[in-house]
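J.: Have a look at the structure that comes next, please.
The values are calculated or read from the model by the stated rules, or taken from the named source; none is laboratory data. A quick note: this is a predicted structure, and the numbers were derived from the prediction, not measured. As a convention, Cβ positions derive from the backbone with ideal geometry for all residues, glycine included, and neighbour counts pool all protein chains shown. To get the accessible areas, we keep the full protein, side chains included, count just its heavy atoms, and leave off ligands, DNA and RNA. Shrake-Rupley method; radii C 1.70, N 1.55, O 1.52, S 1.80 Å.
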Amino acid sequence: MNLKRYWLFGCFITWGFFAQVQAPHQFLPHYGKHVSYYHHVEDYFQHLVKNSNQIQHQVYGKTYQDRNLNVYFISSEENLKNIETIRKQHLTNIGLLPGSKTRQDKVFVWLSFNVHGNEIGSIESALSVAYELVNPNNAATKKWLQDVIVILDPCLNPDGFARYSHWLRDITGTQLHPGVTDREHMEPWPGGRQNHYVNDLNRDWAWQTQKESQLRIALYQQWMPMVHADVNEMGYNEPYFFPPAAEPFHEQITAYQRKFHQKIGELTSKKFDEKGWLYYSGERFDLFYPSYGDTYPSYNGAIGMTYEQGGIGAGRAVRQNNGQILTIQDRLEHHTKAILAAVELSYLERNNLIQEFHQYFIKSRTQPLGNFKSYVVKNSPKVEGLLQLLQKNKIEYQIADQNVSLKGWHYQTGKDANFQLQPNDVVISVDQPRAVLTQVLMDPYHKLTDSLSYDITAWALPFAYGVETYGVKSFLKIAVKDNTILEKTIKPAKFYAVAIPWNNVVSAKILGALHQKQIKVRCLQKSINFDGKSFEKGTLIVTKADNLSVENLELLVQEITKDKLDVVFLHTGFGGKGGDIGGELYPFLVSPKILLLGGLGVSNVDFGQIWHFLDERVSYPHSKVELAYFNRINFQDFNTVILTEGWYNLSDSQRKTLDEFVQKGGKIIAIGSALRLFEDREGYRLTKFAEEETANQQSKKRKERELKSRFDEFDSQERRSISNEVTGAILENVVDDSHPLGFGLGKQYFSLKTSNQSFQLLKGAQNVMYIPKKYQSHGFIGAEIKSKLSENFTIAVDEVGRGKVVYMVDNPMFRGFWENGNLLFANAIFMVF
Ligand SMILES: [Zn+2]
């Protein structure tokens, strides 16, 4: 026992109760040597809560796999006693609660750990950070906590973490494997990075497609921290990364936010220098795409920061390329040091932080930076989805109750135009507390300070939701309705038939439910006027006459359609002018029997997006099989096979199995790189170029470029390579909406292009969706590829034998947030047979 231990023992007696607070390694003997289980983490925090008055616990929900989502409030005992009062004052001061402003001297710092489940250095460090904050022997942290309230979430992604930690425990024994040739460094598909549905929670902050994000952001909105740290890991050879972030910064990032980043860099580097640890900053992690754990808080006024430790794939210990061994202990120590520095700086900067935060919420709404001060969204059934997203982000909107002539920038044509604001249109004014977030999510154009962004460069909600929108340059003052809820149809007890318009994912969910109840559904093939009402093609029709054997049909249909606002109950089948329901315009729909392929080689997140869509969004049965078990699939059980992004290393006989499946009447939906399975393959019409001549020209051009590039300088390499890149841009498409794949989308569709893969319009296939000769686009597209994309298809249907292959060049379900893309995918599933 050394002297320090004697001293600690003394404290134990003197402080009694509080001195029982144990450090993580005392409480958990494996700590720093092996990964913790999730229950270890919860137990340790429970220990802190039991033994310290400086920490409180809140469960803010459950994950898909039923694990607790935990958050801990850490501050002085006095602050914690008054925490609700302090919170309310804070929200009042930034205009989120009514009341008059009061002097504020407390700073809110939110620490988020382990958004990616397999980045375990992050969650492990959360224990040490919490310990140092409440440790009675740490005088520094006690001083900070007089003025700082830390909100600590030790694990944003418990399911992913559990997947990784159980696996690592399963496959490791007593021997360490610092050399990389061991399964300890080879995580199996789909990996623990993502959540239950294999969705990346650190791309989901704004869209909140996942339960964990929805619950967390709801809590976040109640606290609105001034500083937010997102604690991550990256490849294990990388030195530590801390702010400042890299360019491009979004222009909405304020001078003070930049300045704080700079100060974090200065303070953290000092601490790392003392230890002799390697690090870097200002490179690689930019502040642009709004759905990250640094940008989302930044657009909510906070200092949003990403921290990254090398560690992914490191297991318990790994030899780095400089010969050094990196352990879990190293990873958690680095994080602990950096994150405590962030709390320290928040304390030191508290006066500026408070003042700047208050200013932010005044200035951003009175002198907004973006082009538009208001947005008008024309009323349509698709608006409902947009409103839900606005609500999740606490963005205020109003429902107009007036007719006014206005001028604005029309998203769909990309031009200024006069338009009529009408009752029930949605008005979103920037004059609101979340002014910046509103503009960032709505604006079509974002200034890139540098074209080398890591991620998509455009995401404007009007395109994602397919809603007609105008950007207006003034704050609109118009009469609005009292409530912001759209009216629903009143459902009668009896009907002849029901018409369910096909225009959003709710329509698809309803159709899925009808199929599952064995209710026969017809689908209108042409837009018509029926009994004085206009019905668009794609409208679902359920008649009593088709479903005599279904018990309580009326009740059942009312229940299934209860979430859809625009359902029409019909009391006649007489449409007139050839539109009678008994006529030819309404064929029956086939019930899809779906197989989704996954496993090694298939992009796990793309797989996850489809799984989540089928399971959660439309609640429709489907089978998932990993490629390794391909030969055990009974293809006769299915009529729909989904091949999402991936490298399908199929044998010749497996390819033949797919050929036969289609030949016999099956449907394959192939997405992104899965198109390679069919490209230039006999029997399919998928080719890059429509004419051989074009192919030759392109190859000649490529050769010329290669020759010319011999003179290029080495250091411009990266920039040159982006001339052929699209990391994520919005493109205008023409839709053939007479094809069922186009139902509900209208004649124009804005797609999110996420790769440089391109195909000219196909010969002999149905090019349902394509980029016209002259097209509108938003976001960064490399100069070289920009011209190549015109008259390329985005979605095409190839009729092969008795079946079909739907080619989707880009994944319309990208991250689940492109709501019109979700509808497009639903068309491919439910409408095309
Ligand atoms: Zn991460």
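J.: If A218 satisfies all but one of (1) open to solvent by 10 Å² or more (accessible area, probe 1.4 Å); (2) farther than 30 Å from E84 by Cα; (3) small (G, A, S), what's the number of the condition it fails?
T.: Failed condition: (2).
J.: Show me the strands (runs of 3 or more DSSP E) entirely contained within segment 338-449 in which 1 or more residues are open to solvent by 60 Å² or more (accessible area, probe 1.4 Å).
T.: 404-410, 415-421
J.: From the list K62, K4, K81, K106, exactly one residue is among the basic types (K, R), over 24 Å from K211 (Cα atoms), surrounded by fewer than 17 Cβ atoms within 10 Å (Cβ to Cβ) and modelled with pLDDT of 95 or more. Which is it?
T.: None of the other options fit; the residue is K81.
J.: Condition (residue is part of a loop (DSSP other than H, G, I, E, B), open to solvent by 50 Å² or more (accessible area, probe 1.4 Å) and within 16 Å of the ligand (Cβ to nearest atom)) applied to segment 160-167: is it met by at least one residue?
T.: no
J.: Among the strands (runs of 3 or more DSSP E) confined wholly to segment 611-707, which include 2 or more residues that are under 33 Å from the mean Cα position of the chain (by Cα), at pLDDT 95 or above and buried (at least 19 other Cβ atoms within 10 Å of the Cβ)?
T.: 640-643, 667-671
J.: Here are the criteria: (1) farther than 19 Å from R350 by Cβ; (2) in a loop (DSSP other than H, G, I, E, B); (3) out of contact with any Leu (no Cβ under 9 Å at 6 or more places or on another chain). Tell me which single one N232 does not satisfy.
T.: Failing condition for N232: (2).
J.: With within 16 Å of the ligand (Cβ to nearest atom), open to solvent by 10 Å² or more (accessible area, probe 1.4 Å) and touching a residue at least 60 places away in the same chain (Cβ under 8 Å) as the only criterion, which of N237, N321, N232 stands out?
T.: N237
J.: Given the options L824, L752, name the one that is buried (at least 23 other Cβ atoms within 10 Å of the Cβ) and not in a strand (DSSP E or B).
T.: Only one candidate passes the filter, namely L824.
J.: Just name the residue that is most open to solvent (accessible area, probe 1.4 Å) out of those in segment 763-779 that are within 18 Å of K804 (Cβ to Cβ) and not aromatic (F, W, Y).
T.: Looking at residues that are within 18 Å of K804 (Cβ to Cβ) and not aromatic (F, W, Y), I get K763.
J.: Condition test on Y296, is it within 16 Å of the ligand (Cβ to nearest atom) and open to solvent by 10 Å² or more (accessible area, probe 1.4 Å)?
T.: no
J.: So is R183 open to solvent by 10 Å² or more (accessible area, probe 1.4 Å) and within 16 Å of the ligand (Cβ to nearest atom) or not?
T.: no
Let's see how each residue does on (1) among the basic types (K, R); (2) in contact with a His (Cβ under 7 Å, 6 or more places away or on another chain):
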| site | (1), (2) |
| --- | --- |
| K271 | yes, no |
| E274 | no, no |
| Y296 | no, no |
| A302 | no, yes |
| G315 | no, yes |
| Q324 | no, no |
| A342 | no, no |
| N352 | no, no |
| H358 | no, no |
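J.: OK, next. Within segment 28-59, which residues are open to solvent by 20 Å² or more (accessible area, probe 1.4 Å) and in a strand (DSSP E or B)?
T.: Result: H34, Q56, H57, Q58, V59.
J.: Please count how many residues of segment 191-229 are within 16 Å of the ligand (Cβ to nearest atom) and either β-branched (V, I, T) or under 30 Å from L600 (Cβ atoms) (or both).
T.: 16
J.: Going by the structure shown, is A255 out of contact with any helix residue (DSSP H, G or I) (no Cβ under 7 Å at 6 or more places or on another chain) and either more than 15 Å from the ligand (Cβ to nearest atom) or open to solvent by less than 10 Å² (accessible area, probe 1.4 Å) (or both)?
T.: Criteria met by A255.
J.: Given the condition away from the ligand (no atom under 16 Å from the Cβ), assigned to a strand (DSSP E or B), open to solvent by 40 Å² or more (accessible area, probe 1.4 Å) and out of contact with any helix residue (DSSP H, G or I) (no Cβ under 6 Å at 6 or more places or on another chain), answer yes or no: does some residue in segment 240-250 qualify?
T.: Yes: segment 240-250 contains one or more residues that are away from the ligand (no atom under 16 Å from the Cβ), assigned to a strand (DSSP E or B), open to solvent by 40 Å² or more (accessible area, probe 1.4 Å) and out of contact with any helix residue (DSSP H, G or I) (no Cβ under 6 Å at 6 or more places or on another chain).
J.: For segment 307-318, which positions are within 16 Å of the ligand (Cβ to nearest atom) and not in a loop (DSSP other than H, G, I, E, B)?
T.: Within segment 307-318, Y307, E308, Q309, G310, G311, I312 meet the criteria.
J.: Residues in segment 531-548: is at least one among the hydrophobic types (A, V, I, L, M, F, W, C) and farther than 17 Å from D580 by Cβ?
T.: Yes.
J.: Can I ask one more? Has segment 509-523 got any residue that is among the small types (G, A, S) and at pLDDT below 95?
T.: Within segment 509-523, not a single residue is among the small types (G, A, S) and at pLDDT below 95.
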